[in-house]
Number of protein chains: 2
Amino acid sequence: MVKRTSHQDTSCPVARPLDAIGDGWSLLIIRDAFDGLSRFGQFQKSLGLAKNILSARLQSLIAHDILRTVPAGDGSPHHEYVLTEKGLGLFPVLVALRQWGDEFFFDRTEPRARLVDKERRRPVAKVEVRSAGGRTLTPEDTVIEMRQDG
Amino acid sequence: MVKRTSHQDTSCPVARPLDAIGDGWSLLIIRDAFDGLSRFGQFQKSLGLAKNILSARLQSLIAHDILRTVPAGDGSPHHEYVLTEKGLGLFPVLVALRQWGDEFFFDRTEPRARLVDKERRRPVAKVEVRSAGGRTLTPEDTVIEMRQDG
DNA sequence: CCGTATCCATTCCGATACTG
DNA sequence: CAGTATCGGAATGGATACGG
């Protein structure tokens with residue numbers, strides 16, 4: 001009878017998304033979607049998770065308007081899962097997380113997947129938090145305020 | 001008998017961190033830590049979660065070297081939980097997530113907590129992914145490559 | 001090839017009682 | 001105040017069987 005607490009009612013923009021992507025699989029599905037995967041089987045092969053779990057995660061991501069389905073490009077009677085605008089908005093989050101993982105979860109010699117600028121063939125720059133004027137901000141330079149409008 | 005799959009063995013820097021922060025509470029604890037909270041009771045009051053859960057999450061974050069304990073500043077016999085270097089490295093991730101939540105999980109009129117530049121009192125700029133040369137990159141501008149070194 | 005349905009083990013989480 | 005111990009219900013995840 002005790003419901004799991006949702007974060008939808010808080011006024012914190014960090015908390016609300018966690019109902020949608022705060023689990024072990026959703027971000028990996030989204031990562032694969034950014035990487036061009038779109039078919040059920042592709043996700044399952046890439047992630048190695050059970051089909052029922054994948055199905056549930058995909059439905060949840062669709063319900064949260066992060067993925068949507070489109071008719072399959074080939075003649076197959078199925079559909080493909082692609083990122084919505086909202087889902088595409090996660091790009092900086094995913095890149096920042098990738099860079100953090102790259103820095104703190106790998107030995108120096110260990111090979112890893114890296115995100116590179118397609119044109120220059122060089123790793124993307126480290127994501128930074130900047131002021132409106134362009135200055136790089138540290139955590140101590142910032143503070144939380146309640147704001148009504150944007 | 002079936003163990004939960006860990007992501008520590010993959011070569012993807014997005015996947016590995018998810019064992020540490022891929023749940024509903026860890027990122028919120030880290031958010032509070034960035035916001036200056038450090039005591040057990042402060043976290044519990046802020047998050048409203050059961051004490052045993054909070055305890056387990058704090059221990060997990062310590063085990064992952066994201067938080068560490070320091071002797072309490074006041075005379076109390078307890079300690080405080082503060083971010084490690086690794087934990088501080090999550091700042092861009094948290095800001096990017098915050099901005100995404102701000103954009104897609106709130107009505108325009110709804111009040112919300114905003115991260116502002118302490119000095120200028122203006123919202124921080126939108127986190128962007130940039131090339132080594134400074135150009136802003138979209139998802140289509142990038143691709144994953146396997147790299148051996150940094 | 002794409003999913004859905006079922007079953008079961010594990011984990012997570014909330015409430016509460018208890019110790020220092 | 002700061003935790004630990006215990007319990008029960010809920011959600012998650014894995015394996016597999018099955019229908020389109």
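If you filter region A:98-107 down to residues that are at the interface with chain B (Cβ under 7 Å from one of its Cβ atoms) and out of contact with any strand residue (DSSP E or B) (no Cβ under 8 Å at 6 or more places or on another chain), you find that the one that is surrounded by the fewest Cβ atoms within 10 Å (Cβ to Cβ) is A:E103.
Checking each residue in region A:66-81 for being away from DNA strand C (no atom under 12 Å from the Cβ) and either more than 17 Å from B:Q99 (Cβ to Cβ) or without any contact (Cβ under 8 Å) to a residue 12 or more places away in the chain (or both) picks out only A:R68. Take the conditions (1) more than 10 Å from chain B (Cβ to nearest Cβ); (2) within 12 Å of DNA strand D (Cβ to nearest atom); (3) surrounded by fewer than 16 Cβ atoms within 10 Å (Cβ to Cβ); A:R57 misses just one of them, which is (3).
Among the residues of region B:57-82, those identified as touching a Phe, Trp or Tyr at 6+ places or on another chain (Cβ under 7 Å) and closer than 13 Å to B:I29 by Cα are B:R57, B:L58, B:L67. Checked against (1) facing chain A (nearest Cβ under 7 Å); (2) surrounded by fewer than 16 Cβ atoms within 10 Å (Cβ to Cβ); (3) at pLDDT 95 or above, B:F91 meets all criteria but (2). Restricting attention to region A:124-142 and to residues that are outside any loop (DSSP other than H, G, I, E, B) and at the interface with another protein chain (Cβ under 7 Å from one of its Cβ atoms), the residue that is surrounded by the most Cβ atoms within 10 Å (Cβ to Cβ) turns out to be A:T142.
One residue alone among A:A50, A:A56 is within 24 Å of B:P17 (Cα to Cα), within 12 Å of DNA strand C (Cβ to nearest atom) and out of contact with any helix residue (DSSP H, G or I) (no Cβ under 9 Å at 6 or more places or on another chain), and that residue is A:A56.
The conditions are (1) crowded, with 17+ Cβ neighbours inside 10 Å; (2) over 27 Å from B:H64 (Cβ atoms); (3) of a type in the set (G, A, S), and A:A63 fails exactly one of them. Which is it? Single failed check for A:A63: (1).
The values are calculated or read from the model by the stated rules, or taken from the named source; none is laboratory data. Note that this is a predicted model, so its numbers are computed, not measured. Every residue, glycine among them, receives a Cβ derived from its backbone with ideal geometry; neighbour counts consider all protein chains shown.
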